[in-house]
Amino acid sequence: MKNVFLFVLLAFCVPLDAWCVEEVVKTLAVVNRDVITSKDLKDYCRMISYDTAANGGQLPGNPDEFSAMALKTLIEDKLVLGKALEEKDLVVPDNLVETKITQMRSNFPNSQAFEDSMVQKGISEALLRKRIKDHYMIQYMLQKYVTGNIAVSPAEISEYYNANSDQFATPIKYVIWSAGADEKLLEDIGKTIKEQGLEAVEKAYPGVLLRSELEEKAMRDDIIALLPKLAGGNYAVIKIDGASQLIYLEQVLPAGKLPLDQVKDRIFAILSEKKYRESYNAWIEELKKKSLVRIDEAGMNLER
């Protein structure tokens, strides 16, 4: 989830050089004994750029905002990785890193194209391997201290459902049948619908009718204007973009509310993400209290 959160930030595109240009190496922050320099931030930005491009995403349009968020996330990564050092049995196998690199390489036509993509983003193989290893360690720690503690009960799902009815409301919908042909045939079809029903039309003219279930906002203005006339099982033959069309209103589905069974998975995802974010933030704050975290205001104008 942490990676998902990171990539949600990447909504608007900006050239990499706009937010990762730094001629002089400066100290930006200190996390315990780890010093985060402007070069570290640049490398981190490059990895995000590479990951984002590989996943079809885009970089944010505000360089300052992104740099601030990238530094914040890098500091949090350092805190988590520092905590990971206390896990004596935590080792990322080399074959796991190799498997990930092989998977990434498979997205390119050949190995040379893969290497060229890294060169283009200014990423070395060593940096890529380190980032992959760090990623697995962070995911392990998040699973142990954050995700593994999250539970959403059926009662919580029901409570959310009842307290947020507007999120699950269904608008009025119109069940409309339409057909395109010459006017005489359409009139015959319309009369058959009124006298014998839709099944008779399907038998006499198989495949000619198209069923649509539409909200008013998805309908053309000329169709909306017809609705009063179509009430009560009536039909109309009109011109749409120069072609004759039959329009028949079968029924109006009233506004309502989606049943809980249809939305419980969506609610579970909403509550899980909310609990994850709360648990993650609380854990990071706990790590900060036990750590030395200092941001160098002179190196980068950021607020802790």
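The values are calculated or read from the model by the stated rules, or taken from the named source; none is laboratory data. Please read these numbers as outputs of a predicted model, since none were measured by experiment. Cβ sites come from the backbone with ideal geometry, for glycine too, and all protein chains shown count toward neighbours.
Among residues belonging to segment 108-144 that are assigned to a loop (DSSP other than H, G, I, E, B) and among the polar types (S, T, N, Q), point out the one that is farthest from ARG46 (Cα to Cα).
ASN110
Condition first: under 17 Å from LEU90 (Cα atoms) and either among the hydrophobic types (A, V, I, L, M, F, W, C) or not assigned by TED's automatic domain parsing to the domain that holds LYS274 (or both). Now tell me which residues in segment 117-145 satisfy that.
Answer for segment 117-145, where residues must be under 17 Å from LEU90 (Cα atoms) and either among the hydrophobic types (A, V, I, L, M, F, W, C) or not assigned by TED's automatic domain parsing to the domain that holds LYS274 (or both): ILE132, MET137, ILE138, MET141, LEU142.
Among (1) over 27 Å from LYS264 (Cβ atoms); (2) exposed (fewer than 13 other Cβ atoms within 10 Å of the Cβ), where does ALA181 come up short?
Status for ALA181: all satisfied but (2).
From the list LEU230, LEU214, LEU249, which residue is touching a Leu at 6+ places or on another chain (Cβ under 7 Å), under 30 Å from SER165 (Cβ atoms), surrounded by 12 or more Cβ atoms within 10 Å (Cβ to Cβ) and not assigned by TED's automatic domain parsing to the domain that holds MET141?
Unique residue meeting the criteria: LEU249.
Report the residue count in segment 136-166 for those that are touching a residue at least 60 places away in the same chain (Cβ under 8 Å), farther than 18 Å from TRP283 by Cα and within 24 Å of the chain's Cα centre (by Cα).
Residues that pass the stated criteria total 6.
Matching residues to (1) modelled with pLDDT of 90 or more; (2) surrounded by 15 or more Cβ atoms within 10 Å (Cβ to Cβ); (3) of a type outside the set (D, E, K, R):
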{"site": "MET47", "(1), (2), (3)": "no, yes, yes"}
{"site": "ASP51", "(1), (2), (3)": "no, yes, no"}
{"site": "LEU59", "(1), (2), (3)": "no, yes, yes"}
{"site": "ASP64", "(1), (2), (3)": "no, no, no"}
{"site": "LEU74", "(1), (2), (3)": "yes, yes, yes"}
{"site": "LYS78", "(1), (2), (3)": "yes, yes, no"}
{"site": "LYS83", "(1), (2), (3)": "yes, yes, no"}
{"site": "LYS88", "(1), (2), (3)": "no, no, no"}
{"site": "ASP94", "(1), (2), (3)": "yes, no, no"}
